[in-house]
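Student: My questions will all concern the structure given below.
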Amino acid sequence: MTFAALRSFSVFFAVFILLLSCSKKEDLDPDLETDNQSENDRIILESFTHGEFFSQMKSFEDVDCEAYCIIDSPESWVMKESNHRFNAQFSIDLKIYNTPTDIIYAFHIKAGNNSRPVIGTINGQAVNAPTYELKIPKETDWSTCELIENQFTVTRGAGNPLVINASYHLFEKCK
């Protein structure tokens, strides 16, 4: 091997090693600035993207609130899911469930194209993220199967706001 060939090979090898050492893990959504996301936002985004967290829960339609109780584990929680359309292109996926202490509303915006939309606001509160979790502590005097109803006005920054009427029957903590 000539000196010139050896030098070329050494440069190629050094560049190759440098490229390997500089590779980084790809984000779930490369357009989102990871530094600006809280850890909770990242977990919720992964949950919606991969469905692992929500797939553990029971379906609201399959469980009778009078005959069922929950514990501190997501495997016992009961999720009600619905989809609400802004228009033909954009929609909100809403998942509702209760823990022994809270009722949770998990919002995720979806697009029918390759865009990466964000939820602008929910009830006037700035979100500016593709997912949002609203946690409301349960009152101490709630009863099994109590109907909880809420209305949410969701914007995505462009177009008309979306009004979502949501209802959920609470599940009691096992004694």
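Student: For region 98-128, which residues satisfy the criterion of being assigned to a strand (DSSP E or B) and of a type in the set (A, V, I, L, M)?
Tutor: Ile103, Ile104, Ala106, Ile109, Ala111, Ile119, Ile122, Ala126, Val127
Student: Do you know which residues across region 110-123 are open to solvent by 40 Å² or more (accessible area, probe 1.4 Å) and within 14 Å of Ile136 (Cβ to Cβ)?
Tutor: Scanning region 110-123 gives a single hit, Asn123.
Student: What is the residue count in region 129-148 for residues that are charged (D, E, K, R), in a strand (DSSP E or B) and surrounded by 13 or more Cβ atoms within 10 Å (Cβ to Cβ)? Walk me through how you get there before you give the answer.
Tutor: Taking region 129-148 first, the residues charged (D, E, K, R) are 133, 135, 138-139, 141, 146.
The next check asks that each one be in a strand (DSSP E or B); those that pass are 133, 135.
Retained after the next criterion (residues that are surrounded by 13 or more Cβ atoms within 10 Å (Cβ to Cβ)): 133.
Number satisfying all stated conditions: 1.
Student: Turning to a different aspect of this structure: Of everything in region 149-160, what is open to solvent by 60 Å² or more (accessible area, probe 1.4 Å) and either of a type in the set (A, V, I, L, M) or in a strand (DSSP E or B) (or both)? Give them in sequence order. Step through it out loud before you land on a result.
Tutor: Start the filter on region 149-160 by keeping residues that are open to solvent by 60 Å² or more (accessible area, probe 1.4 Å), which leaves 149, 151, 157, 159-160.
Glu149, Gln151, listed by residue number.
Student: I've got another one for you. Hey, can you tell me all the residues within region 72-89 that are within 19 Å of Val154 (Cα to Cα) and not polar (S, T, N, Q)?
Tutor: Selection gives Lys80, Glu81, His84, Arg85, Phe86, Ala88.
Residues are listed down the side, and each one gets a yes or a no for (1) among the charged types (D, E, K, R); (2) open to solvent by less than 70 Å² (accessible area, probe 1.4 Å):
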site	(1), (2)
Ser55	no, no
Glu61	yes, no
Cys65	no, yes
Ser73	no, yes
Trp77	no, yes
Glu81	yes, no
Ser91	no, yes
Asn98	no, yes
His108	no, yes
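Student: Further question on the same structure: Please verify whether region 76-95 includes one or more residues that are part of a helix (DSSP H, G or I), at pLDDT below 90 and more than 15 Å from the chain's Cα centre (by Cα). Talk me through it step by step, then tell me what you get.
Tutor: Here is the first cut: in region 76-95, the residues part of a helix (DSSP H, G or I) are 76.
Cutting the leftovers down to at pLDDT below 90 gives us 76.
Then keep just the ones that are more than 15 Å from the chain's Cα centre (by Cα); that gives 76.
Checking region 76-95: at least one residue is part of a helix (DSSP H, G or I), at pLDDT below 90 and more than 15 Å from the chain's Cα centre (by Cα).
Student: Of the conditions (1) out of contact with any Phe, Trp or Tyr (no Cβ under 9 Å at 6 or more places or on another chain); (2) among the polar types (S, T, N, Q); (3) farther than 28 Å from Ile70 by Cβ, Ser115 fails just one. Which one is it?
Tutor: Failed condition: (1).
The values are calculated or read from the model by the stated rules, or taken from the named source; none is laboratory data. Just so it is clear, the structure is predicted and the values come from calculations on it, not from any experiment. Note: ideal-geometry Cβ built from the backbone for every residue, glycine included; neighbour counts use all protein chains shown. Ligands, DNA and RNA are excluded from the accessible area calculation, which covers all protein heavy atoms including side chains. Shrake-Rupley method; radii C 1.70, N 1.55, O 1.52, S 1.80 Å.
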